[in-house]
Amino acid sequence: MMVIEERMPAGTSERRHLHMVARQFFYVLTGALTMELEGVRHVVTAGSGIEIPPQARHQARNDSPADIRFLVVSTPSTRGDRIDLDEEQGSTC
């Protein structure tokens with residue numbers, strides 16, 4: 001299991017990707033995280049979270065005007081288990 005705390009500046013996003021084996025849980029500490037999960041956008045606010053199952057295409061975004069902080073819990077670790085999709089799939093995922 002791996003637990004990390006992240007800060008995402010306003011207006012930024014990670015690349016759309018998936019994990020073949022790892023299951024993740026994003027728990028928002030401050031702000032509002034927009035999570036695109038299999039093409040559906042979810043707004044996750046402070047004090048709540050969202051689960052990302054293995055092989056689910058997802059992208060964390062900060063569409064707000066302020067920084068956000070969140071925890072990412074992954075089991076097993078995501079090291080070596082990430083496949084970026086933007087180059088392969090374009091923005092249709």
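The numbers here are math on the coordinates, done by the rules we state, and not lab data. Computed from a predicted model, the values in this text were never measured in an experiment. As a convention, Cβ positions derive from the backbone with ideal geometry for all residues, glycine included, and neighbour counts pool all protein chains shown.
Points to keep in mind about this one:
- Residue satisfying condition, being touching a residue at least 12 places away in the same chain (Cβ under 8 Å), aliphatic (A, V, I, L, M) and in contact with a Phe, Trp or Tyr (Cβ under 6 Å, 6 or more places away or on another chain), within set V28, V3: V28
- Every test in (1) touching a residue at least 12 places away in the same chain (Cβ under 8 Å); (2) touching a Ser or Thr at 6+ places or on another chain (Cβ under 9 Å) is passed by T78 save one, and that test is (2).
- With respect to being β-branched (V, I, T), surrounded by 16 or more Cβ atoms within 10 Å (Cβ to Cβ) and within 11 Å of the chain's Cα centre (by Cα), I68 falls outside the description.
- Any hit, the range 2-21, residues being basic (K, R), within 12 Å of L71 (Cβ to Cβ) and in contact with a strand residue (DSSP E or B) (Cβ under 6 Å, 6 or more places away or on another chain): yes
- Look at (1) under 11 Å from the mean Cα position of the chain (by Cα); (2) buried (at least 16 other Cβ atoms within 10 Å of the Cβ) and you find that A22 fails only one, number (1).
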